[in-house]
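No value in this document is a laboratory result; all are computed from the given coordinates. This one's a predicted model, so the numbers in the text were calculated from it and none came from an experiment. All Cβ positions, even for glycine, are placed from backbone atoms using ideal geometry, and neighbour counts span all protein chains on display.
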Amino acid sequence: MDSSLVFNIFIAFGAFQALFISFIILSQRNKSLPKVFFSLFLIIEGITLIERLLAESDLIYAVPHLLGISYPISFLKPPLLFLMTLAIVNTKFKLRKIHSLHLIPFFIILLFNIPFYFLNASQKLEFVQAFLTKEITYLSFDFFLSLSFFFHIGIYIMACVITLKRFKTHVKNNKLVNWNLSVLVLYSIFLITHFIYFVIQPSGILSIPQFNTISMLIMTFVIQSVAYSFITRSNIFNNKNTIDLSNVQKLVEDEKLIRNKLENEKVYLDDALNIDAFSKSLSLPKKYVSDLINQRFGYSFKDLINQYRVKEAKKIMEKEVHSKIQLIDIAFESGFNNKVSFYRAFKRYTDKSPSEYFNNLKNDASIIKTSS
């Protein structure tokens, strides 16, 4: 089988998969803004792949009027990514008139392409063929026009990453935020690869005749990866919790309350402590406290408490290194109610058993005592 045919099959599959996923998302009853923006982004990518696939084959002669559709709408992708990011980190985000300013580059390119749309089929084909065979130089207008797109989308992606990173300093374990970052990383790899080749190409140092096919395959891989995450984590856009992600300041204040209870009041020393009693002591809903701990600290309530207890156990061991204190007494003093849970938690967070850790401390202490 011809290798180009295999490539085209993969690319076509990626294109229609992007359109299929967007159709599935938009056909759902509850469509949040992140879902809508993501679907529109996939539609544009699907259309772009289809047009490029047609242009690379003789199929374009059957539908020449499809030429030129994807270029203007490509300038919609950066603001869609940015608006999706804003909607993810702010659950109360709403579109406003000022957001229409993001569409200015799209309308400029659209107006620039209007004369092309009025050409007949044969003229469009001649124009595209001339463009594809045209030698681009560093001083040509086409070079700077294409370069503007890379800078345009690069600025938006950078703004997206900065927004997400800033949000993650307050909420570490939000699945949708982490997923969005992963998508941006994959998409950035595609763009950087394409940008490097685009900048080098006019110099004549490197020439890859099949680069368009390769770049389309990379984009197809990105879509396949997104599709896989969408299928395996289909509830990612329905990440319901009691936390209002739009009010980061409140999250910070409530986090301080939790840290104060753990670090200053040391409530974890109570071996009967549970999420009900802990949330009640904070005067906050149990579900809210559980979600806040999970998203801000990146652990479940039980795991977080056990971490503090293990730290306390290590402090006790260091303090009692010269005594004959028993491990079970250390377990009880640090908040554990039995030896088994103490052993499991200690081994998990230190990679050593309590006895091994304590014996190492004793050996180090005896060496220091002997040398002195």
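One table, with the values for the structure above:
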item: Dipole magnitude of the chain, debye to nearest 20 (Cβ charges: Lys/Arg +1, Asp/Glu -1, about Cα centre); result: 1500 debye
item: Out-of-range pairs (alpha-carbon distance over 31 Å; input Lys286/Lys324; Lys31/Lys286; Lys165/Lys352; Lys168/Lys311); result: Lys286/Lys324; Lys165/Lys352
item: Footprinting exposure proxy for Thr133, Thr350 (fewest neighbouring C-beta atoms within 10 Å first); result: Thr133, Thr350
item: Gained length - Glu333 relative to Tyr138, 0.36 nm times residue gap less alpha-carbon distance; result: 63.0 nm
item: Compactness of region 248-371, expressed as Rg and Dmax over alpha-carbon positions, Å; result: 16.6, 56
item: Cα long-axis angle, helix 104-117 against the chain (0 to 90 degrees, to the nearest 10); result: 30 degrees
item: Estimated vicinal HN-Hα couplings, Hz - region 254-267 in sequence order (Karplus 6.51, -1.76, 1.60; Gly, Pro = x); result: 5, 5, 4, 4, 5, 4, 5, 4, 7, 8, 9, 7, 6, 5
item: 0 to 90° range, to nearest 10: angle between helix 339-350 axis and the chain longest Cα axis; result: 50 degrees
item: Radius, Kirkwood style, for the chain when every pair of distinct Cα atoms is counted (Å); result: 25.2 Å
item: Rough spin-label spacing in nm, given labels placed 7 Å along Cα→Cβ, for Ser148 and Leu361; result: 6.7 nm
item: Sequence-distant lysines (8 or more away, or on other chains) whose Cα lies within less than 17 Å of Lys134; result: Lys124
item: Length-normalised contact order for the chain - Cα pairs under 8 Å, 6+ apart - percent; result: 15 percent
item: Degrees separating the helix 77-89 axis from the principal Cα axis of the chain, which is the longest one; result: 20 degrees
